[in-house]
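Structure record follows, encoded as structure tokens.
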Amino acid sequence: PLWERAVLKEIAPNTGNGLPQAMVDALKPLFGINAMGVRRVRLNAKLRRKNPGVTKWYNPDGSNNWKAVQTTQQGGTAYLILRDYSHTLPCTTLARLEGTLRKGKLRPGGGALYNSPELLVDLLIIAAFRLMLEGDTLDLDSVLVLPSGSLLPINEKDALNRKFPSRGALLGASGDKLRHALADLIPVAVARIENWWHEVSLGRVWDVLAAHGYGPNHLRRLLRNMRSLVKTLKTLLSNPGALQLRPVQSGGALLPTSSSSASASASALVQEAFSTALTGPPKSGGVLQMAVSPDLIGRPGEKGRRPITVENLLGPASSGAGGPDMV
């Protein structure tokens, strides 16, 4: 089989078994945003470092610093598999390009981010997408700048389950400077955001939500956020303290989506969205790295699969081709 570079990440407790992150990642391509191709798998073991004192997954002499420890979790230990779009090349984050120092001071003139209108517009598009899904809107630490110069938002652990919007870097030491820089480019971003209503299939949006255990109430909330997205984004940049979101009616819990009534309700919401005058788009374009066979990666929401053995997924511990190393 063909092998590709990938990132293997153990799913942390209280993160919805990785479903929110997988769902958000699956929605990104529909809205013209880079994604990591997140899939969920269960392994028959947990991966741990042989020498905890070495932070990397390999030793200075090139030997592997990982071992497989038999899991005690029924059905196996849940992991996320994500494509490695950096291809092992170094990446940075927008937080570093923004230029805020650890002591809360901004470099004179700000960092490189303020000198790149293209990056600022792409950041606005990502912020709008996250605002629609009630994620960490302007968390610059979770937006990677790939070697190609394009942006990749990562680490969305929750979605459609927030009472108050996340303001992220706007509350930081350089919040005012960032707010003004983004506000100046709002007209450019708005043109792309409003195209979402013409280019994004709401039926496919529902398919993604349903495949990851989300119900009609979540689709209703997403559509409501989408209707007022431009206005909400402008308010976020002009007066962040004025925003408040209502909780999901179901309390945010993931719902079973196999019933015909759920599908019928969601279909009605999609038809309603098309028949209503709406505004809304863009188009821009401890983690373990490994080589993984694509046929071992389960589909989102797939049930009944046996836990994958570490040997099948990663290859023998002594194998350099199939073994893991650290990003």
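Rounded to whole Å and ordered largest first, report the semi-axes of the equivalent ellipsoid of the range 1-128 derived from its Cα gyration tensor (root of 5λ).
Details: eigenvalues 211, 95, 45 Å².
The equivalent ellipsoid of the range 1-128 has semi-axes of 32, 22, 15 Å.
Testing the spin-label approximation: label points 7 Å from Cα along Cα→Cβ at Glu199 and Ser116. State their distance in nm.
2.0 nm
Quick one: which residues, 5 or more positions from Arg162 or on another chain, have an amide H under 5 Å from its amide H? H modelled 1.01 Å from N in the peptide plane, none for Pro or chain starts.
Excluding prolines and chain starts, which carry no amide H, the hits are Val248.
Going toward the positive end of the dipole of the range 81-222, with +1 on Lys and Arg Cβ and -1 on Asp and Glu Cβ, which of Ala211, Leu101, Asn161 do you reach last?
Leu101
Over the range 1-111, what relative contact order in percent results from Cα pairs under 8 Å that are six or more residues apart?
Numbers: 134 pairs, mean separation 33.9, N = 111.
Averaging sequence separation for qualifying contacts and normalising by length gives 31 percent for the range 1-111.
Before I look further, what does the range 1-106 give for accessible area per residue, probe 1.4 Å, in whole square angstrom?
The answer is 55 Å² per residue.
So what is the diffusion coefficient of the range 96-247 in µm² per second by Stokes-Einstein at 20 °C and 1.002 mPa s, using a Kirkwood Rh over Cα pairs? Show your work: numbers first, answer last.
Details: Rh = 16.3 Å.
Using the Kirkwood radius from Cα pairs, D works out to 132 µm²/s.
Among the listed pairs Lys163/Lys234; Lys163/Lys231; Lys157/Lys177; Lys9/Lys56; Lys105/Lys234; Lys9/Lys50, which have their C-alpha atoms separated by more than 21 angstrom in this model? Walk me through the numbers on the way to the answer.
Working: Lys163/Lys234 19 Å; Lys163/Lys231 18 Å; Lys157/Lys177 28 Å; Lys9/Lys56 14 Å; Lys105/Lys234 26 Å; Lys9/Lys50 17 Å.
Exceeds cut-off: Lys157/Lys177; Lys105/Lys234.
Give me the accessible area of Ile126, 1.4 Å probe, in Å² rounded to the nearest 10.
Counting only protein heavy atoms, Ile126 exposes about 10 Å² to solvent.
Which distance in Å, rounded to a whole number, links the C-alpha centroids of the range 127-191 and the range 22-44?
18 Å
The values are calculated or read from the model by the stated rules, or taken from the named source; none is laboratory data. Because the structure is predicted, anything quoted here is derived from the model rather than measured. FYI the Cβ positions are ideal-geometry reconstructions off the backbone, even for glycines, and counts take in every protein chain you see. Surface accessibility is based on the protein's heavy atoms, side chains included, excluding ligands, DNA and RNA. Shrake-Rupley method; radii C 1.70, N 1.55, O 1.52, S 1.80 Å.
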